[in-house]
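Undergrad: I have a structure here, written as structure tokens, and I will follow up with some questions on it.
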């Protein structure tokens, strides 16, 4: 992937509601929340709306999901309807209003942001401290090259449910250091449904989607098609997204099974970051015009569950995922590079759930195992007057995992009706083997195996079905990835982030140990309150260091780091008129021991004192949003996000001026009539100028190519409007 760049009465009642929306626009408010309230869920004016219950699944769509009272951790759940109503480019946009989620944009395109949560990252950019696992229908979407995530390949239009489970988890396994995001796609409903949708907006944005679903007993079917295109607000920043998704399901007797297939073909230009002087004079410029990413994905998934009896359920998952991608990088300080990656992943998971009693206590037991085989090839060409193959490697990865989790209800009704005490114990063993071969015949091969057992324990104290507390301890593990192993150390600097020379001894695996306490409250049926405190101690963190800006990079273990913080969220719905949310996150990500790192800043190395803040990790984030329903058929919404300052990448010692804090407001309007729905959204409604990403690199336009600040500007005010009809 592309590296850091030279390269976001009744009339009186209505008037008061409008005043609330206006206040949200000017003052607080996150990324818009046009959460329309369908007429069928409206309640009489004297009754508050009841918030839905919260459950969480394992990576497989689990027929025996765990209730909130049995989950010793912090979670967020979004329905597919909530996801689609934000009209996101990609998944991080849909999650941006959730507690602690921050987006950075190194690539300069809305289709490839970095998602930051609890100080860990899920990103399409290699070299970041990846530590968030993404699953779709039981299949891990983190790429086998460097655990990166290509968000443009996730079919958001076809999502039924998104769960954000914070902290390590034995059910989700390796790379789950900060969180796991579990996505379940839609299937056919009980009735026929056909929904075409058209949308147009600023910067040449146009979107065309079609969803078709229904039953043919005992089968059901779902088809979703999307094509979107935009010229982009910066020069040479156009993007094209094409996707088809289909799923066939069957329910008969105790069997529930689905087969799905996805095809995606995208082409995304990447304007990247700009010298700070250029951002001030012309933020639409493109310093390295010509950079692009072009992936083609074919992915098939089978999921099946069988209820043996009322207590035992067996589940299975199998998948094939083939991804071909081309990355072209313009380099002003050397030859351009073209990276051709191919990965073929196959594997599956078996899982058994037992819901019953253990010595008279209610008990839920989950046992499972999985296997994945990844075959990855990576070819790098340098292109100047002619094309030269400079790296050609392959990696065959074999990955095994086995896990067990038990939730035992030790006490019931000990503090009143519906009180309970639930103990969760769990453990997971993972083994990752890399067999790397240099196809050019060089000394780049190597065979590396990493394995670890990770425990987890937690307790839930539920004083009622509305008041609960939890405490937990868990460990997570991430093995060094293919690209990291081939660029491991100053003797194996990789230009353009392509594969290089496998090192011996290899990098050490990353281990995270997390302590967490929290509470979940529902004092009224219309109000949810969640709060948590956590600390994650990380050893052997893998960092990408760039001694020459963006021309070369290598990876190294840097010892101990720490993430700790607090999270608070409030979500409410009142009568049929108003709903809103408020959340705040404090995140402190720091180096815990003094370390020497290479940097593009003169003199090329820096001493990073213990206690320094890890770059691009803002400490504070606030989201506030309101949605007002003056009539059953109309919704007006506003949301504001505020993000505190953050140090630029490459400034690990915190000696340079950080990116300034910023805030951005989005508003939306939607109206429904029979099967029609029209919407209009205004993003960055107050047209704030801000940047979400920064680094340091040489500026070849200036004499001597001095190292300067490079920033990625956020888009100005822009609009998206559209129409959908449901048959």
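Undergrad: Going through 232, 204, 242 one at a time, which residue ends up being surrounded by fewer than 17 Cβ atoms within 10 Å (Cβ to Cβ), on the phi > 0 side of the Ramachandran plot, modelled with pLDDT of 95 or more and within 27 Å of the chain's Cα centre (by Cα)?
TA: Details: 232 fails: surrounded by fewer than 17 Cβ atoms within 10 Å (Cβ to Cβ); 242 fails: on the phi > 0 side of the Ramachandran plot.
Testing whether each residue is surrounded by fewer than 17 Cβ atoms within 10 Å (Cβ to Cβ), on the phi > 0 side of the Ramachandran plot, modelled with pLDDT of 95 or more and within 27 Å of the chain's Cα centre (by Cα) leaves just 204.
Undergrad: How many residues, within region 591-604, are part of a strand (DSSP E or B) and either buried (at least 17 other Cβ atoms within 10 Å of the Cβ) or on the phi > 0 side of the Ramachandran plot (or both)?
TA: Final tally of qualifying residues: 4.
Undergrad: Still on this model: Scan region 626-656 residue by residue and report those that are under 21 Å from the mean Cα position of the chain (by Cα) and closer than 30 Å to residue 574 by Cα.
TA: 639, 640, 641, 642, 643
Undergrad: So which residues in region 571-587 are surrounded by fewer than 17 Cβ atoms within 10 Å (Cβ to Cβ) and at pLDDT 95 or above, if there are any at all?
TA: Selection gives 586 alone.
Undergrad: Further question on the same structure: Does region 258-266 include one or more residues that are closer than 30 Å to residue 708 by Cα and surrounded by fewer than 19 Cβ atoms within 10 Å (Cβ to Cβ)?
TA: No; the residues of region 258-266 include none that is closer than 30 Å to residue 708 by Cα and surrounded by fewer than 19 Cβ atoms within 10 Å (Cβ to Cβ).
Undergrad: Another question, then. Hey, among 409, 357, 425, 372, which residue is surrounded by fewer than 16 Cβ atoms within 10 Å (Cβ to Cβ), at negative phi, out of contact with any helix residue (DSSP H, G or I) (no Cβ under 7 Å at 6 or more places or on another chain) and modelled with pLDDT of 95 or more? Step through it out loud before you land on a result.
TA: Details: 409 fails: surrounded by fewer than 16 Cβ atoms within 10 Å (Cβ to Cβ); 357 fails: modelled with pLDDT of 95 or more; 372 fails: surrounded by fewer than 16 Cβ atoms within 10 Å (Cβ to Cβ).
Among 409, 357, 425, 372, only 425 is surrounded by fewer than 16 Cβ atoms within 10 Å (Cβ to Cβ), at negative phi, out of contact with any helix residue (DSSP H, G or I) (no Cβ under 7 Å at 6 or more places or on another chain) and modelled with pLDDT of 95 or more.
Undergrad: Which ones in region 688-706 are more than 22 Å from residue 112 (Cα to Cα) and surrounded by fewer than 18 Cβ atoms within 10 Å (Cβ to Cβ)?
TA: 700, 701, 702, 703, 704, 705, 706
Undergrad: I need the strands (runs of 3 or more DSSP E) fully contained in region 611-727, keeping only those with at least 3 residues that are under 24 Å from residue 281 (Cα atoms). Give the derivation first.
TA: On the way: elements: 620-628, 634-643, 662-673, 676-683, 691-698, 707-713, 718-725.
Those strands (runs of 3 or more DSSP E) span 662-673, 691-698, 707-713.
Undergrad: Here's something else I'd like to know. Go through (1) within 27 Å of residue 249 (Cα to Cα); (2) buried (at least 21 other Cβ atoms within 10 Å of the Cβ); (3) at pLDDT 95 or above for residue 171 and report which single condition fails.
TA: It is condition (3) that residue 171 fails.
The values are calculated or read from the model by the stated rules, or taken from the named source; none is laboratory data. Predicted model only: the values in this text are computed from it and were never measured. Methodologically, a virtual Cβ is constructed for each residue, glycine included, from the backbone with ideal geometry; neighbour enumeration extends over all protein chains shown.
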